[in-house]
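Colleague: For reference, the structure I am asking about is given below.
The values are calculated or read from the model by the stated rules, or taken from the named source; none is laboratory data. Owing to the predicted nature of the structure, the values given are computational and were not obtained by experimental measurement. Methodologically, a virtual Cβ is constructed for each residue, glycine included, from the backbone with ideal geometry; neighbour enumeration extends over all protein chains shown.
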Protein chains: 4
Amino acid sequence: MKKSTVKRQIMWGDLDSLGIVFYPRYYEWIDANGHIFFESLNLNLGSLVKERGLIFGLVETGCRYHMPGRYNEWIEIVTYLDDLSDKTILLRHDISRFSDKTLMVEGFEKRICLDVSDPLKFKAIEIPKDLHVILSKARSHP
Amino acid sequence: MKKSTVKRQIMWGDLDSLGIVFYPRYYEWIDANGHIFFESLNLNLGSLVKERGLIFGLVETGCRYHMPGRYNEWIEIVTYLDDLSDKTILLRHDISRFSDKTLMVEGFEKRICLDVSDPLKFKAIEIPKDLHVILSKARSHP
Amino acid sequence: MKKSTVKRQIMWGDLDSLGIVFYPRYYEWIDANGHIFFESLNLNLGSLVKERGLIFGLVETGCRYHMPGRYNEWIEIVTYLDDLSDKTILLRHDISRFSDKTLMVEGFEKRICLDVSDPLKFKAIEIPKDLHVILSKARSHP
Amino acid sequence: MKKSTVKRQIMWGDLDSLGIVFYPRYYEWIDANGHIFFESLNLNLGSLVKERGLIFGLVETGCRYHMPGRYNEWIEIVTYLDDLSDKTILLRHDISRFSDKTLMVEGFEKRICLDVSDPLKFKAIEIPKDLHVILSKARSHP
């Protein structure tokens with residue numbers, strides 16, 4: 001299974017008033033990592049929109065929180081494709097403290113292939129074959 | 001069941017490059033609404049931290065997306081307590097387009113009562129009785 | 001002078017680790033208020049882009065901080081057009097604590113009229129006459 | 001003059017509806033870089049608060065925008081101390097496109113030394129001598 005890993009540091013602006021990460025930040029990081037994961041498959045999501053009128057729109061997202069993130073800590077976000085159907089993909093994002101690999105947050109994004117050529121009316125479609133092949137390989141990648 | 005409703009307008013800065021709401025924003029709004037819900041029960045979460053060393057920390061959050069939010073639309077977020085155990089609460093947040101009440105996003109937050117008097121070592125505890133009574137009423141409120 | 005006023009509440013997610021507003025939030029609110037100000041002149045910035053390929057792009061922004069904003073406080077943001085030239089506008093945004101009108105932050109945005117019909121190459125242009133008339137009135141509005 | 005440089009990539013979630021960076025993001029990055037700059041002087045701002053009750057609070061911030069940032073571009077943020085008085089510091093942050101070093105944004109933060117040992121009443125004080133020496137060196141650093 002292909003995995004895409006990003007290391008980042010928790011900054012002051014990520015914290016809430018208790019000195020721990022304000023949770024919508026995790027979703028920002030997860031979303032960014034999804035893009036990086038696609039990039040690692042040579043799929044640029046920005047180009048997919050512009051050239052083919054396609055996005056992987058959201059069906060559902062979620063996070064489970066195991067340990068709060070704190071100021072200045074380095075974290076590691078590992079993203080991989082855990083499931084793939086005709087129309088949908090399931091990305092998982094494991095966030096852990098870099099120093100000791102303790103799991104902090106388990107996140108996921110379920111996304112569906114959408115035709116957005118009409119920007120006011122998105123339509124669910126099957127993942128085009130060429131993309132499905134690439135994604136399928138990414139999932140089974142040893 | 002006690003419900004707390006907030007109306008807000010989708011602003012330019014909430015949008016992504018496709019002109020629809022960037023999804024971590026929904027979580028920011030949901031989190032804010034949770035605080036407003038507690039406020040409606042005369043429970044100020046800021047005071048709970050300062051005076052009693054208590055927070056309702058995160059166990060899990062999630063959202064299901066039914067329709068994208070767009071520029072300038074007014075939305076309504078309805079928050080209520082859907083479940084209550086000895087240590088945890090489950091808040092649900094239904095986000096809909098104000099004009100026609102079409103459901104846009106269904107969100108939830110599962111939170112657990114934490115003793116944070118030691119800021120570096122949070123500890124799960126039972127919800128204190130006085131709070132449990134208030135929450136229990138909010139749940140069964142006709 | 002036409003003024004556009006918005007009242008809002010400082011939420012948990014707006015705070016930093018010291019319990020005061022994380023300053024990029026002020027810029028988010030200021031930007032939103034600029035849109036609301038235009039709306040109050042019957043100018044929808046979203047429509048200006050779509051229908052006329054025009055935006056008021058940024059030249060410069062700034063804020064001076066007089067008093068920190070804190071949890072749950074209601075604030076008031078007053079926006080008005082302080083200067084207008086052939087190509088540029090200067091919006092000022094005064095943020096104060098609602099309860100006693102103490103000034104918290106003075107912000108400004110200098111914006112320039114841009115032709116964005118080529119999304120990859122923005123070009124500064126003179127503010128079209130019809131818009132200039134509306135803006136000029138908003139500035140001198142008694 | 002000591003300079004602290006961070007490279008980062010513009011992500012989907014940083015963009016507005018025109019596909020360019022939503023400007024409050026620049027302030028988030030600038031704020032983060034300020035912390036990294038202090039870190040490079042072996043001054044941890046988190047520890048300064050906890051151990052000495054000191055922060056460098058905001059007096060004023062500002063940005064001038066020369067070129068919009070776009071999806072997936074790598075940028076470079078260079079931070080340095082441009083001015084130092086008894087109580088205040090002036091940090092400058094130059095943001096440029098990494099590929100060709102074209103300047104995108106010039107930002108600054110003017111900060112003042114505050115005693116925050118009473119969290120509800122911040123008080124401007126002179127920068128303690130040991131810190132002043134370190135900052136002074138950082139400014140004149142060859």
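Colleague: What about B:Glu51, is it over 19 Å from A:Glu109 (Cα atoms) and touching a strand residue (DSSP E or B) at 6+ places or on another chain (Cβ under 9 Å)?
Modeller: no
Colleague: Among the candidates D:Gly69, D:Gly34, D:Gly57, which residue alone is within 14 Å of chain C (Cβ to nearest Cβ), over 11 Å from the mean Cα position of the chain (by Cα) and within 20 Å of C:Leu15 (Cβ to Cβ)?
Modeller: None of the other options fit; the residue is D:Gly57.
Colleague: Just the residues that are charged (D, E, K, R) and in a strand (DSSP E or B), please, taken from the stretch D:77-103.
Modeller: D:Asp82, D:Asp83, D:Arg92, D:Asp94, D:Arg97
Quick grid of which residues meet (1) among the hydrophobic types (A, V, I, L, M, F, W, C); (2) in contact (Cβ under 8 Å) with a residue 40 or more places away in the chain; (3) in contact with a Pro (Cβ under 9 Å, 6 or more places away or on another chain):
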| residue | (1), (2), (3) |
| --- | --- |
| B:Thr5 | no, yes, no |
| B:Pro24 | no, no, yes |
| B:Tyr27 | no, yes, yes |
| B:Glu51 | no, no, no |
| B:Glu60 | no, yes, no |
| B:Arg64 | no, yes, no |
| B:Gly69 | no, yes, no |
| B:Trp74 | yes, yes, no |
| B:Leu90 | yes, no, no |
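Colleague: Now a separate question. So, of the residues in the stretch D:6-25 that are among the aromatic types (Phe, Trp, Tyr) and within 12 Å of chain C (Cβ to nearest Cβ), which turns out to be farthest from A:Asn33 (Cα to Cα)?
Modeller: D:Tyr23
Colleague: Looking at the stretch D:9-36, which of its residues are touching a helix residue (DSSP H, G or I) at 6+ places or on another chain (Cβ under 8 Å), in a helix (DSSP H, G or I) and hydrophobic (A, V, I, L, M, F, W, C)?
Modeller: Result: D:Trp12, D:Ala32.
Colleague: Scanning the stretch C:32-80 for residues that are hydroxyl-bearing (Ser, Thr, Tyr) and surrounded by fewer than 16 Cβ atoms within 10 Å (Cβ to Cβ), which turns out nearest to C:Leu135 (Cα to Cα)?
Modeller: Per the stated criteria, the residue is C:Ser40.
Colleague: Just wondering, is there one or more residues in the stretch C:38-48 that are within 11 Å of chain D (Cβ to nearest Cβ), in contact (Cβ under 8 Å) with a residue 24 or more places away in the chain, part of a loop (DSSP other than H, G, I, E, B) and aliphatic (A, V, I, L, M)?
Modeller: No, the stretch C:38-48 contains no residue that is within 11 Å of chain D (Cβ to nearest Cβ), in contact (Cβ under 8 Å) with a residue 24 or more places away in the chain, part of a loop (DSSP other than H, G, I, E, B) and aliphatic (A, V, I, L, M).
Colleague: Tell me, yes or no, whether the stretch A:56-68 has at least one residue that is at pLDDT 95 or above, in a helix (DSSP H, G or I) and more than 26 Å from D:Ser47 (Cα to Cα).
Modeller: No - not one qualifying residue is present in the stretch A:56-68.
Colleague: Specify which of the listed residues (D:Arg111, D:Arg139, D:Arg92) is surrounded by 19 or more Cβ atoms within 10 Å (Cβ to Cβ) and over 30 Å from A:Val49 (Cα atoms).
Modeller: Testing whether each residue is surrounded by 19 or more Cβ atoms within 10 Å (Cβ to Cβ) and over 30 Å from A:Val49 (Cα atoms) leaves just D:Arg111.
Colleague: So is D:Leu120 free of Cβ contacts under 8 Å to residues at least 12 places away in the same chain and more than 14 Å from the chain's Cα centre (by Cα) or not?
Modeller: For D:Leu120, the condition - free of Cβ contacts under 8 Å to residues at least 12 places away in the same chain and more than 14 Å from the chain's Cα centre (by Cα) - is met.
Colleague: On to the next question. Looking for something touching a residue at least 24 places away in the same chain (Cβ under 8 Å) and out of contact with any Asp or Glu (no Cβ under 9 Å at 6 or more places or on another chain) - is there at least one such residue anywhere in the stretch B:92-103?
Modeller: Yes, the stretch B:92-103 contains at least one residue that is touching a residue at least 24 places away in the same chain (Cβ under 8 Å) and out of contact with any Asp or Glu (no Cβ under 9 Å at 6 or more places or on another chain).
Colleague: Right, here's the next one. Evaluate the following for C:Met11: is it surrounded by fewer than 16 Cβ atoms within 10 Å (Cβ to Cβ) and among the hydrophobic types (A, V, I, L, M, F, W, C)?
Modeller: It is false that C:Met11 is surrounded by fewer than 16 Cβ atoms within 10 Å (Cβ to Cβ) and among the hydrophobic types (A, V, I, L, M, F, W, C).
Colleague: Among the residues of the stretch D:72-91, count how many are within 14 Å of another protein chain (Cβ to nearest Cβ) and charged (D, E, K, R).
Modeller: 1
Colleague: Just name the residue that is farthest from C:Asp94 (Cα to Cα) out of those in the stretch C:37-62 that are touching a Cys at 6+ places or on another chain (Cβ under 9 Å) and of a type in the set (A, V, I, L, M).
Modeller: Here the residue is C:Leu54.
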